[in-house]
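I have placed the structure first, in the form of structure tokens, so that the comments after it can refer back to it.
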Amino acid sequence: MPPGRRFSDFLHEIQQIEKSAARGEAILQAFTRHTPFESGAVYLREGTSFRLSAKTPQWIAPEILDADPPNDVTPSNGLIFVPLRTPRECHGAVTLADGGQHSEEDFETLRVAGALLGAVITNQRMAQEMREGDFQLKYRLWELESLYDIGLSIAATLNIDELADEILFRTISLTNARRAALFLREGTRFKVYRSFGDVRGDFLDDELANEVVKQGTPMSFEEGADCIFPGCMAFVALPIKGNNESIGVLAAADRETRDGGIGAFDTNDLRLLSSFASQVGIALENSRLHREALEKQAMERELELAATIQRDILPKSLPVVEGIELAVLARPARQVGGDYHVFFERDGVLTMIVADVAGKSMPAALLVSALHAAIHLLFEEGRELAEIATELNKHIHRWSAENKFVTMVLVEIDREAETIRFVNAGHNPSYVISDFGIDELRSHGLPVGILSSSTYKTQTRSFPSGATVVLYSDGITEAEDVNGEEFENARLEQILEQYRNESPEVLRDRIAEAVDAFTVGAPQKDDQTLVIARTAR
């Protein structure tokens, strides 16, 4: 074959090596086919060394070159070294047996072939890098699209149970894991909330939990580690962050490989799970806020209903009683309490009751409703004050919860006899204001509903013309200022002394103004009730 044609075929075959999978074998065949050299070996770069890639039969060659290839075609110790290099780097070398039957033209051919191979290998590597870069780009695009779709899916799920199922399903589908578990914070520990597959115990191991939270990023564990899942080969655990703290831990185990086996979680899995965990944290926080909003709405509806019950029970207007002036203050707190007041008139005698039911909101409102019904029935039966209190005690003790009771004061004003009769069952002391001074109607029995065997006695005091009686709930004397200090009875008594000759309306307004001035800036924590009656002179 003419030398020119042979050289051309040699270069063409070298160019085709770019498409060859067995690169070392193809290089060696090209050199032995188109040059006078029949034996040799090919070394290609692997990292920082040059490793044997191909050799002719019976050729003895070391696995790794003991020195870097020369910069040019070089004969040495019966070998000819042909470097495969570009001006920037060396990719390897071809070593050929030097039989002495070669010319300078053959050396030039080897030199050109080495340079061309260097360029071919460079192009081949760059093409591979481009393919890998394109794959990574497409993979990251798939990641972003998947995370976007997942984000929409879990963000729209506000029910915590449905959200937990969705989180585990997505975890398994993203990583091809066989098992997964979601742990949520409960106090200082993390308790399993949902799992696909068995887990060891109800709580995440404290040491592992602390390690995961401290690391702050996904941590992978392989066989031999103390696995969250019994008998797993490899698992990953990562913290879920929300509200500036770790609110949970997401774990997955036994990632399936393409051949059906089980492998460790790779870098792509960890990166994907880390991004997913950020979305999970947001979704869990949204679910928590949604749950709290629903609970708040339910509480507000309950408070509204309780307030309605309380408003409907309290008197809509004051009774008109000859010779007696009346004034009332009834201010419910935002958290509906259990203050109650009522009036009865029988045979010219005015009866007033102020009661305070233990508790707040709906339970207190329901107990007030029961108390209201029972009091009306007992008065219609013509019972006297002590009997009413005793029967109410039995009724409340029988039908209410153990921690429910009622403090109350029942007062009867008999103008003709100029007396006042009362029963005080564990309530605040009421006040009688007359020309003789200020007298207290103190408690002389347990609150209603505490002991079923409790009985009560009616006490009688003088109540001359022009006297005033003041009944109130503890929302007045226990009203707190911004520092937590209470209004207390001493301040109330000063007002009673200062305005003792005023009408019930004026006295009520002065007490209310003093309480408001004292508590300015502080929330009203309890119902405030005042009932004031004064007989004409």
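The values are calculated or read from the model by the stated rules, or taken from the named source; none is laboratory data. Since the model is a prediction, treat every value here as computed from it, not as a measurement. For neighbour counting, all protein chains shown are included, and Cβ atoms are generated from backbone atoms with ideal geometry for every residue, glycine included.
General remarks:
- Test: Gly382 is within 52 Å of the chain's Cα centre (by Cα), within 18 Å of Thr351 (Cβ to Cβ) and assigned to a loop (DSSP other than H, G, I, E, B): no
- The set of residues from region 409-445 being touching a Lys or Arg at 6+ places or on another chain (Cβ under 6 Å) and either acidic (Asp, Glu) or not assigned by TED's automatic domain parsing to the domain that holds Ala355 (or both) comprises just one member, Glu412.
To keep it simple, each residue is scored yes or no on (1) of a type in the set (A, V, I, L, M, F, W, C); (2) touching a Gly at 6+ places or on another chain (Cβ under 6 Å).
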| residue | (1), (2) |
| --- | --- |
| Pro315 | no, no |
| Ala330 | yes, no |
| Ala364 | yes, yes |
| Ala373 | yes, no |
| Thr390 | no, no |
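- Top-ranked residue of region 447-487 - restricted to ones that are closer than 23 Å to Ala389 by Cβ and among the aromatic types (Phe, Trp, Tyr), ranked as surrounded by the fewest Cβ atoms within 10 Å (Cβ to Cβ): Tyr456
- Against the test of being touching a residue at least 12 places away in the same chain (Cβ under 8 Å), under 27 Å from Ala536 (Cα atoms) and buried (at least 16 other Cβ atoms within 10 Å of the Cβ), the options Ile353, Ile388, Ile396 yield a single qualifying residue, Ile353.
- Residue within region 345-352 that is in a helix (DSSP H, G or I), out of contact with any helix residue (DSSP H, G or I) (no Cβ under 6 Å at 6 or more places or on another chain) and among the polar types (S, T, N, Q) present: no
- Meets criteria (of a type in the set (Ser, Thr, Tyr) and closer than 30 Å to Glu322 by Cα) for Thr477: no
- Counting only strands (runs of 3 or more DSSP E) that sit wholly inside region 402-499, those with at least 2 residues that are over 25 Å from Arg346 (Cβ atoms) are 437-441.
- Hey, Asp509 in a loop (DSSP other than H, G, I, E, B) and surrounded by 15 or more Cβ atoms within 10 Å (Cβ to Cβ) or not: no
- Selection of region 291-320 for residues being outside any loop (DSSP other than H, G, I, E, B) and either in contact with a His (Cβ under 9 Å, 6 or more places away or on another chain) or under 27 Å from Ser173 (Cα atoms) (or both) yields only Ile313.
- In region 92-113, the residues that are under 23 Å from Leu44 (Cβ atoms) form Cβ pairs under 6 Å with partners that are charged (D, E, K, R), at six or more places apart or across chains, as follows: Gly92/Arg45.
- Annotation: Leu451 fulfils all but one of (1) over 47 Å from the mean Cα position of the chain (by Cα); (2) modelled with pLDDT under 95; the unmet one is (1).
- Residue within region 445-452 that is within 30 Å of His397 (Cα to Cα) and of a type in the set (S, T, N, Q) present: yes
- The residues in region 473-512 that are on the phi < 0 side of the Ramachandran plot and either of a type in the set (A, V, I, L, M, F, W, C) or under 44 Å from the mean Cα position of the chain (by Cα) (or both) can be counted, and the count is 22.
- Among the residues of region 45-63, at least one is in contact with a His (Cβ under 6 Å, 6 or more places away or on another chain), within 24 Å of Gln16 (Cβ to Cβ) and touching a residue at least 40 places away in the same chain (Cβ under 8 Å).
- In region 316-342, residue surrounded by the most Cβ atoms within 10 Å (Cβ to Cβ) [restricted to those that are at pLDDT 90 or above and within 16 Å of Ala373 (Cβ to Cβ)]: Tyr340
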